[in-house]
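Undergrad: Mind looking over this structure? Questions follow.
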Amino acid sequence: MRTNKRFADFVARLSENVNTLEVSKQAFLCLADTYRFGEVRLHYHVDRPKYQAERDEYNAVFHLDIGPVNEKMDYVMERNTGEGGVMRFTVIGLKGAREWSEEERVDIEMMLSIYMWHIARYRLISVIEKSVSTDYMTTLPNTNGYLEYGEMLRKTNTLSSFNSFYFNLKGFGLVNLKYGKTVADEILKKYALKVKKYLVDDEIVARLGGDNFVALIHKERTREFLSFIEQVVVHVDVDDHKQRVEIPAIAGICEIGDSVDDLGDIISQSSIALNTAKNVTKKPYMFVTDDMNKKAIQDKEIRMHFKEALQNGEFKVYYQPKVETDEYRIVGAEALVRWVRDGEVISPGKFIPLIEADGSVCELDLYMLAQVCNDIRIWLSEGVEPVRTSVNMSRKHLSNPNFPDQIIDMIDEFGIDHKYIEIELTETASDEEQGLLNTFMIKMREQGIKTAIDDFGTGVSSFAILRSFPVDVLKVDKSFIDSEFVSDNDAIVISNIVKMANELNLEVITEGVERWKQVIFLRQIGCKLIQGYLFDRPMPYSDFTKRLKMKKYDKKNIKDY
Ligand code: C2E
Ligand code: MG
Ligand code: MG
């Protein structure tokens with residue numbers, strides 16, 4: 001090659017900056033004299049880029065401004081982009097210039113190849129830059145893009161003219177199941193596009209991942225936007241047929257005030273409202289309230305302090321007696337956890353669901369079992385006859401193959417008879433869990449440890465369990481007798497449960513009994529075992545020790561709760 005120095009300049013120019021038209025032009029100018037170029041054109045087209053959501057296409061013309069050009073004197077080079085697209089470069093000579101020699105053509109090809117690499121490098125960098133703030137699938141901004149934009153609004157003091165939305169597509173899991181992932185993705189893309197089109201001015205919608213979206217919408221358009229996302233319709237092709245798909249969303253909204261320190265806060269407040277709408281109020285949308293915020297903070301505290309509280313012995317066992325209604329003898333007890341924190345007694349409903357989510361409830365359950373075993377050992381050593389005591393275990397344990405051994409080892413460690421322990425688990429709907437539950441119950445039965453199905457009648461599986469599970473006890477859920485009068489329908493269901501349990505020789509106990517009237521009804525239908533406030537609320541060790549010594553209740557002293 002005769003023009004080493006010029007080529008070196010050409011490469012140096014291209015490397016100077018990522019890509020601007022000016023840089024490209026300057027680079028070509030390094031060689032224009034030698035090769036008599038007047039203009040360079042670039043056409044780039046990728047129909048379905050791998051790393052970008054939309055078709056990628058651009059045309060650029062570099063006028064080198066040396067003189068008029070000769071359209072007939074051109075050199076065209078076409079190359080595949082590697083993603084099914086093409087790049088075409090056209091070099092056009094100067095008017096009146098001498099045609100390129102063979103050797104010169106080789107040089108030009110070399111120059112264009114170098115330029116092609118430069119373009120590929122530029123494209124890669126721009127894709128990476130874009131992907132940092134763009135959601136690849138829908139082309140909406142992603143979390144990063146959203147935060148960046150929100151931060152810009154915050155800095156320019158315009159954020160408070162918006163309300164913040166966090167929304168989630170209702171039943172999108174089913175859409176996935178019904179149409180498969182590819183079509184579901186297509187639906188999501190079209191959905192995103194529709195929402196984007198609905199925006200005005202400087203509003204923004206972003207996808208955080210999955211079917212979760214966030215948006216900043218002008219305050220005065222809040223209601224309008226809510227009714228829009230309540231039902232968005234998209235059409236997709238499924239096996240050559242157009243399908244109409246309705247996509248309702250559930251939303252949480254946070255009204256943005258004048259002073260915002262952190263946009264992340266606003267997003268999390270909207271998500272708190274969404275959570276409440278979805279899981280608590282079951283409404284299509286909710287505005288965040290102070291109470292919701294307070295609860296979210298409390299929940300976070302609970303999660304944060306759980307481990308330390310477990311180590312500090314803040315969890316206490318409360319016992320609630322189980323009573324037979326012939327002579328009102330205490331025939332059993334249920335161990336119920338209480339979190340005693342700074343003198344305040346926190347009930348399990350406030351923390352079990354939170355620690356269940358991440359599985360840490362399992363540690364607590366085994367801790368409770370250990371405490372119960374320990375208490376039983378003390379009663380035995382003091383000559384107080386204990387009663388069979390049930391311990392609640394989360395279904396989360398079932399997937400742990402060591403779970404049965406953990407229970408057996410624990411009881412044996414305290415050297416107490418297996419007959420004193422009963423394990424309560426709630427019923428389950430999934431086939432897989434039913435299999436695990438079955439295996440678990442067989443192991444317990446082999447070891448003489450009784451098992452109970454808790455809250456029976458509230459789930460889906462109910463009657464199948466009665467027939468095929470090696471279970472010993474059914475605990476009928478208190479919802480059946482909750483109200484002042486047991487409704488006719490409830491009466492039919494509960495009588496049949498009790499009847500079947502008796503015929504299958506299962507123990508059946510009803511919980512939540514608060515009135516004599518309920519006792520009479522339960523006796524009539526054949527349920528003689530009862531647990532409820534009528535006799536006693538769950539109580540600490542020392543109070544329950546007194547009950548054990550008392551052995552039975554005096555009917556005269558028992559008044560409706
Ligand atoms: P559960 O196992 O169904 O326990 C019965 C619940 O009903 C207890 O609530 C008990 O205090 C309450 N109860 C008993 N009699 C009456 C009554 O006459 N009226 C009314 N209104 N309520 C009555 P608690 O102690 O708040 O426990 C709630 C739930 O928390 C339990 O329901 C159980 O699912 C869970 N839980 C409690 N302790 C543990 C534990 O150690 N481990 C696990 N995994 N869950 C636990
Ligand atoms: Mg229970
Ligand atoms: Mg229960």
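Values in this text are rule-based calculations from the coordinates and carry no lab data. All figures in this text were calculated on a predicted structure; none of them were measured in a lab. Here the Cβ positions follow ideal geometry from the backbone for every residue, glycine too, while neighbour counts run over all protein chains shown.
Undergrad: Give, rounded to the nearest 20 debye, the magnitude of the charge dipole that the chain has about its Cα centre when Lys and Arg contribute +1 at Cβ and Asp and Glu contribute -1 at Cβ.
TA: Roughly 540 debye, rounded to the nearest 20.
Undergrad: To continue, here is another question. Seen from all sides and averaged, what is the projected area of the convex hull of the Cα atoms in region 143-288, in nm²?
TA: About 8.6 nm², averaged over all directions.
Undergrad: Let me ask something else about it. With a Förster radius of 56 Å, plug the Cβ-Cβ distance of N402 and R41 into 1/(1 + (r/R0)^6) and report the FRET value to the nearest 0.05.
TA: So the FRET efficiency works out to roughly 0.20.
Undergrad: Ok, one more. Rank-order 76-87, 208-219, 107-118 by packing density, defined as the average count of other C-beta atoms within 10 Å over each peptide's residues, highest first.
TA: Ranked from most to least packed, the peptides come out as 208-219, 107-118, 76-87.
Undergrad: Moving on. Once you have the Cα-Cα distance between K197 and S542, take 0.36 nm times their residue separation minus that, and quote the gain in nm to one decimal.
TA: That pair, K197 and S542, stretches by 117.5 nm at full extension.
Undergrad: Looking at the square roots a ≥ b ≥ c of the eigenvalues of the Cα gyration tensor of region 298-554, which shape do they give, rounded for a/c under 1.5, prolate if a/b is larger than b/c, or oblate?
TA: Note, shape of region 298-554 comes out rounded.
Undergrad: Next question, about the same structure. Taking a ≥ b ≥ c as the square roots of the Cα gyration tensor eigenvalues, with a/c under 1.5 meaning rounded and otherwise prolate when a/b beats b/c, else oblate, which class fits region 1-160?
TA: prolate
Undergrad: How much FRET efficiency would the formula 1/(1 + (r/R0)^6) give for I125 and W516, where r is the Cβ-Cβ distance and R0 is 56 Å, rounded to 0.05?
TA: Computed FRET efficiency for I125 and W516: 0.10.
Undergrad: Here's something else I'd like to know. Please state the shape class of region 259-325: rounded when a/c is under 1.5, otherwise prolate if a/b exceeds b/c and oblate if not, all from the C-alpha gyration tensor.
TA: Taking the square roots of the gyration eigenvalues as a ≥ b ≥ c, region 259-325 is oblate.
Undergrad: If the chain between K556 and D431 were fully stretched, how many nm would it gain, using 0.36 nm times the residue separation less the Cα-Cα distance?
TA: Roughly 40.2 nm would be gained on extension.
Undergrad: Next question, about the same structure. With a Förster radius of 35 Å, plug the Cβ-Cβ distance of K294 and E413 into 1/(1 + (r/R0)^6) and report the FRET value to the nearest 0.05.
TA: 0.25
Undergrad: Oh, and also: For the chain, give me the percentage of DSSP beta bridges that are antiparallel, rounded to the nearest 5 percent.
TA: Within the chain, antiparallel bridges account for around 70 percent of the total.
Undergrad: What dipole magnitude, in Debye to the nearest 20, does region 38-181 give about its Cα centre under +1 on Lys/Arg Cβ and -1 on Asp/Glu Cβ?
TA: Magnitude of the dipole: close to 920 debye.
Undergrad: Then there's this: Residues with amide H under 5 Å of Y285's amide H, sequence separation 5 or more or different chain, H placed in the peptide plane at 1.01 Å from N; which?
TA: A251
Undergrad: Under 17 Å between alpha carbons, and skipping anything fewer than 8 positions from K295 in its own chain: which lysines qualify?
TA: K278, K350
Undergrad: Any of K300/K322; K170/K194; K517/K549; K316/K450 with alpha carbons more than 25 Å apart? Name them for me.
TA: K300/K322; K517/K549
Undergrad: Defining a contact as two alpha carbons under 8 Å apart and six or more residues distant in sequence, what relative contact order in percent does region 298-554 show?
TA: Dividing the mean separation by the residue count of region 298-554 yields 22 percent.
Undergrad: Could you state the orientation-averaged shadow area of the convex hull built on the Cα atoms of the chain, in nm² to one decimal?
TA: Averaged projected hull area, Cα only: 39.1 nm².
Undergrad: Roughly what would the spin-label model give for E102 and E78, points 7 Å off Cα along C-beta, in nm?
TA: Each label point lies 7 Å from its Cα, and together they span 2.5 nm.
Undergrad: Can you compute 3J(HN,Hα) from phi for each residue in region 259-275, using the Karplus curve 6.51 cos²θ - 1.76 cosθ + 1.60 with θ = phi - 60°, rounded to whole Hz and x for Gly and Pro?
TA: Values, residue by residue: 10, 10, 8, 8, 5, x, 4, 5, 4, 5, 5, 5, 6, 5, 5, 4, 4 Hz.
Undergrad: Given H placed on each backbone N at 1.01 Å, which residues far from I346 in sequence or on other chains put an amide H within less than 5 Å of it?
TA: W339, V340, R341
Undergrad: Order 286-293, 342-349, 143-150 from most to least packed using the mean count of other Cβ atoms within 10 Å.
TA: Per-residue Cβ counts within 10 Å, averaged per peptide and sorted highest first, yield 143-150, 286-293, 342-349.
Undergrad: Give me the distance in nm between label points sitting 7 Å out from Cα along the Cα-to-Cβ direction at M500 and N144, one decimal.
TA: 5.6
Undergrad: With runs of 4+ DSSP H residues as the only contributors, calculate the mean residue ellipticity of the chain at 222 nm using -39,500 (n - 2.57) per run, divided by the residue total and rounded to the nearest 500.
TA: Computed ellipticity for the chain at 222 nm equals -14000 deg cm²/dmol.
Undergrad: Could you give me the ³J(HN,Hα) list for region 157-174, computed from phi with Karplus coefficients 6.51, -1.76, 1.60 and θ = phi - 60°, whole Hz, x at Gly and Pro?
TA: The phi angles translate into 6, 10, 4, 6, 7, 10, 10, 9, 10, 10, 9, 9, 7, 6, x, 6, x, 5 Hz.
Undergrad: I've got another one for you. Pull up all non-local amide H partners of E427: gap of 5 or more, or a different chain, and H-to-H distance under 5 Å with H placed in the peptide plane.
TA: HN-HN under 5 Å from E427: D454.
Undergrad: Taking θ as phi - 60°, what are the ³J(HN,Hα) couplings along region 86-100 by the Karplus curve (6.51, -1.76, 1.60), each to the nearest whole Hz, with x for Gly and Pro?
TA: Calculated HN-Hα couplings, in order: 10, 10, 10, 10, 10, 9, 10, x, 7, 4, x, 7, 6, 4, 6 Hz.
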